[in-house]
Amino acid sequence: MSRLPPTACLFGARALRDFGDGFVAVLLPVYLLTLGWTPVEVGVVATVSLLGSALMTIGIGMLGARCDRRLLLVFAAGLMVATGLAFSASSDYAALLVIAFVGTINPSAGSVSLFVPIEHAALAREAGDAERTRMFARYSLVGALAAAAGAFAAGLPEAMAHLGLDRLSALRLMFVLYALLGAAGGLLYFRLPRRAPRSPSGEASVLGPSRRIVFRLAALFSLDAFAGGFVVQSLLVLWLFERFGMSLPAAGAFFFASGVLSAFSFPVAAWLSRRIGLVNTMVFTHIPSSAALMLAAVAPTLPVALALLLLRAALSQMDVPTRASYVMAVVTEAERPAAASFTSVPRSLAAAASPALAGALFAAGHQALPLLICGVLKITYDLLLLLQFRDVKPPEER
């Protein structure tokens, strides 16, 4: 049996996982509402999911400095299988909260999971400084296209209903599909070569000389994530349903289109970063996207709101590959798994606090407020990032 290149295995597994995350983020609020839960309870599930993901991510990031990364990724894929099967079999709210906390359900349809630190470290190892940002851009492109296709697939339960299957059973089958995607991803991870993390001293390192810069980045990324938690994709779906009465197939088609726009922004981000730098690319694409979100919050009609949200989608994710590349560039190789973890985990913890707040604001009738809060906080983050890190250059910019 021929061995796939490590990057092909990582890209393939990312595509499978993000396809599943794409439809789960759209279907999660629909599933919970079908079971009879309220918007506040939907927000609590999203919060608990992000909190559990944060704790798992910090654990696996620290283990990544000491353990075979292939086995850690296989374990994570197995957890994805268990999560999908458990979610499909349960109707009890308390049980769903536990599953959301310990599992891999992702309400944001983005790279917020225990897979991230290990995959980022593995990719950075495969690419040199000159290719690192382009590698992360391709990795993000694959994931975003898969997530967009997954969002489009969120309309499948409606198609199943036309074939005579009741809505709840159709939704449960989608979580079974999510589990099958986890199994397929696990097979790809299993084909990765066994490689112990390299350390110049011969000993695994968690965080050493780069500790101060990592903690500063983590604090800023936390502010960004706290803001983003107000409009995680599951809650944006809820907003569109409640504000404009959008249908499930229409929501799936919209998030497919927004996902495609986000995907093709990643190569543009890599190209732009070579000309104006990684930090400038993060900041100067992010601010207009936040402004578009705030305008969408007060849009008078659905078409205007969707147009503004599509503009946001074309710009808001350009910081994803550049941020990942920047973190990997400003730390030593031995610190990379821990750095990815320590910058991802505070993001997850901060993001976990806001979905429940957004759900409560929705329930209280303040439907525009979560989007406005998100926009203001994200612009604040961008300005602080520019002020603190515009002079901290990665190797290729020195």
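The values are calculated or read from the model by the stated rules, or taken from the named source; none is laboratory data. On a predicted model such as this, the values are computed, not experimentally measured, just so you know. All Cβ positions, even for glycine, are placed from backbone atoms using ideal geometry, and neighbour counts span all protein chains on display.
Computed values, structure above
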{"quantity": "Criterion violated by residue 339 - all others in (1) out of contact with any Ser or Thr (no Cβ under 6 Å at 6 or more places or on another chain); (2) within 28 Å of residue 48 (Cβ to Cβ); (3) surrounded by fewer than 23 Cβ atoms within 10 Å (Cβ to Cβ) satisfied", "calculated": "(3)"}
{"quantity": "Number of positions in the range 297-350 that are in a helix (DSSP H, G or I) and free of Cβ contacts under 8 Å to residues at least 12 places away in the same chain", "calculated": "3"}
{"quantity": "Any hit, the range 93-116, residues being free of Cβ contacts under 8 Å to residues at least 40 places away in the same chain and not in a helix (DSSP H, G or I)", "calculated": "no"}
{"quantity": "Subset of the range 330-354 (residues that are of a type outside the set (Ser, Thr, Tyr) and either modelled with pLDDT of 85 or more or over 20 Å from the mean Cα position of the chain (by Cα) (or both))", "calculated": "330, 331, 333, 334, 335"}
{"quantity": "Residues within the range 4-49 that are outside any helix (DSSP H, G or I) and without any contact (Cβ under 8 Å) to a residue 40 or more places away in the chain, tallied", "calculated": "2"}
{"quantity": "Residue that is part of a helix (DSSP H, G or I) and either surrounded by fewer than 20 Cβ atoms within 10 Å (Cβ to Cβ) or of a type in the set (A, V, I, L, M) (or both), where the choices are 246, 282", "calculated": "282"}
{"quantity": "For residue 111: the one exception among (1) in contact with an Asp or Glu (Cβ under 9 Å, 6 or more places away or on another chain); (2) at pLDDT 85 or above", "calculated": "(2)"}
{"quantity": "Answer residue from the range 124-136, given it is aliphatic (A, V, I, L, M) and surrounded by fewer than 24 Cβ atoms within 10 Å (Cβ to Cβ) and is modelled with the highest pLDDT among those", "calculated": "135"}
{"quantity": "Tally, over the range 373-398, of residues that are surrounded by 17 or more Cβ atoms within 10 Å (Cβ to Cβ) and not in a loop (DSSP other than H, G, I, E, B)", "calculated": "11"}
{"quantity": "Test set (1) closer than 29 Å to residue 240 by Cβ; (2) in contact with a helix residue (DSSP H, G or I) (Cβ under 7 Å, 6 or more places away or on another chain) - residue 91 fails condition number", "calculated": "(2)"}
